[in-house]
1. Mind checking Rg over Rh on the protein assembly as shown, alpha carbons, Kirkwood formula for Rh?
2. Cα convex hull of region B:62-158: mean projected area in nm², to one decimal?
3. Ranked highest first by average number of other Cβ atoms within 10 Å, how do A:120-130, B:154-164, A:211-221, A:266-276 line up?
4. From Cα coordinates alone, what are the radius of gyration and Dmax values for region A:2-97 in angstrom?
5. List, in order, the whole-Hz ³J(HN,Hα) value for each residue of region A:154-169 obtained from phi through the Karplus relation with A = 6.51, B = -1.76, C = 1.60 and θ = phi - 60°; use x for Gly and Pro.
6. Amide H to amide H under 5 Å from residue A:254: which residues, 5+ apart in sequence or cross-chain, H placed 1.01 Å off N in plane?
7. Hey, what do the phi angles of region A:106-114 turn into as Karplus ³J(HN,Hα) couplings, whole Hz, using 6.51/-1.76/1.60 and θ = phi - 60°, x for Gly and Pro?
8. Kindly give the semi-axes, whole Å and largest first, of the ellipsoid equivalent to chain B, taking each as the square root of 5 times a Cα gyration tensor eigenvalue.
Amino acid sequence: MIKVTIDGVETEVEPGTTILNAARQIGGDLVPPAMCYYSKLKGSGGKCRTCLVKVSAGSAKDPRPMPKLVASCSTPVQDGMVVQNITSPEVLEARKGVVEFLLINHPLDCPICDQAGECHLQDLAFEHGSAKTRYEEERRSFDKIDIGSKIQLHMTRCILCYRCVFTANQITNERVHGVLNRGDAAEIGTYIENVIENDFSGNVIDVCPVGALTDKTFRFKSRVWFVKPMYAHRNCDKCCGKTTVWMKGDEVFRVTARKDQYGEVEDFICNDCRFDKKLASDWTVEGPAPIQRNSVQAQNKYLQGIKVDAPKNIGYGNISDR
Amino acid sequence: MHSLSNRSKVVVKKEMTLTEKMYLPAILGGMMITIKHFFKRKPTIQYPEQKREFSKVYRGRHILKRDEQGRENCTACGLCAVACPAEAISIVAAERKKGEEHLYREEKYAKTYEINMLRCIFCGLCEEACPKDAVYLTEELAPANFDRSNFIFGKDKLVQPVGTSAHPKTYKPYKK
């Protein structure tokens, strides 16, 4: 076990743990945000730069600070390392810059986007970004491509985190899409007009941090804060069958995997569960799923009886707290 | 008990004097007050013929605006409905089809947009929440009706008719 100090909190972690995961073991506000890192996907991380932290002492042996801010998702901790995240103004400033870069080409179509309300980029920009854009040029645009009847691709919203590519590689048995071209022209695509369709392809929707990949069967059906997330399960021979169903009354609007406090899925689910089981009778409902207290989803009108996560954020605008 | 406002008077039950028993001075005093009001400015107006000017920030019934090209601004984002403290607004969204580009400004539009005028408290939070400049509260009063169901205003009553003035505050949907 090696010792590491993050924002003044000391903890002991296994050798080889990254700074981000060490921070997650401590938990709370000092966890750096991550847009591309996904703990369930091997090789993810290191692309979006939102998790930048300052290392003010490299290790006990060599306590010199690291010259530049480092990406905490891909930097392993060393014994005696001292890391600053929210206590360093430099980190917060850099993160603000990163958010601005991510938003340069991201369209401001949140009122239309189905991801709004559960979008990580929206949360990140709300917390770390500036209210106004300084960018004056045209945002990039792409030819629309159809990737099947179940998944909707909006390339203009993509931030190129590569999570969906890793998902297709590691969760499904065949990957037919990837990132084509380079630099400004880089886009998610199938190259030859192809349909992304296999038993687990729907998981790319859950891992997408923005609204680039959304559920076509839920497209424009409802906003996420008007539907109530419920934990439910069914016997499924392909996956674990444990899901969150998003309901309004007795109607199932959509099915997603269960997500933890960092927005990562607990267990990947199959397309049968996700797209085809849209009847309340298909599911055994266990109870309301936890909602992040400061989420807009908690702003809907179904709070009574729902266990809300993160009690630290009391007073963030939750009706029942007032 | 100690008085909080110091304005309460302790009631004393005492015998009335002769002048008080005659009641005439008291009646005259009361009449004076009545007569004084004949010479004051009348605050009453003859309502249907005369109308008071509305305040510039008056919040009356809603309209859903169109843009300069006559397309509906509303994109059914649901922010008005989630901002509404009275839960008066309900929206069903739909996707714009090919050939409807002249009707709706964005890819998504409100298929139904209903405001329950019996629930609405005219607080204007929907107007404030709207990111698309679509919903505005006009100076028009919400009309009275005999039937509760007529108070649920759908798109037929809310959307600004094509070719009318676009200014939200002075726009009057029912004016002849």
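1. Numbers: Rg = 30.7 Å, Rh = 27.2 Å.
Here the Rg-to-Rh quotient is 1.13.
2. Numbers: hull surface 24.7 nm².
About 6.2 nm², averaged over all directions.
3. Working: A:120-130: 17.9, B:154-164: 13.6, A:211-221: 21.1, A:266-276: 19.5.
Ranking, from highest mean packing down: A:211-221, A:266-276, A:120-130, B:154-164.
4. Cα only, region A:2-97: 12.1, 33 Å (Rg, Dmax).
5. Going residue by residue, I get 10, 5, 4, 8, 5, 10, 6, 7, 6, 4, 5, 5, 5, 4, 4, 5 Hz, with x marking Gly and Pro.
6. It is A:246, by chain and number.
7. Each residue of region A:106-114 in turn: 7, x, 8, 10, 3, x, 9, 5, 6 Hz.
8. Working: eigenvalues 607, 91, 37 Å².
Each semi-axis is √(5λ); the values are 55, 21, 14 Å.
No lab work stands behind these numbers, since they all come straight from the coordinates. Quantities reported herein were computed from a predicted structural model and do not represent experimental measurements. Virtual Cβ from ideal backbone geometry, glycine too; neighbours counted across all protein chains shown.
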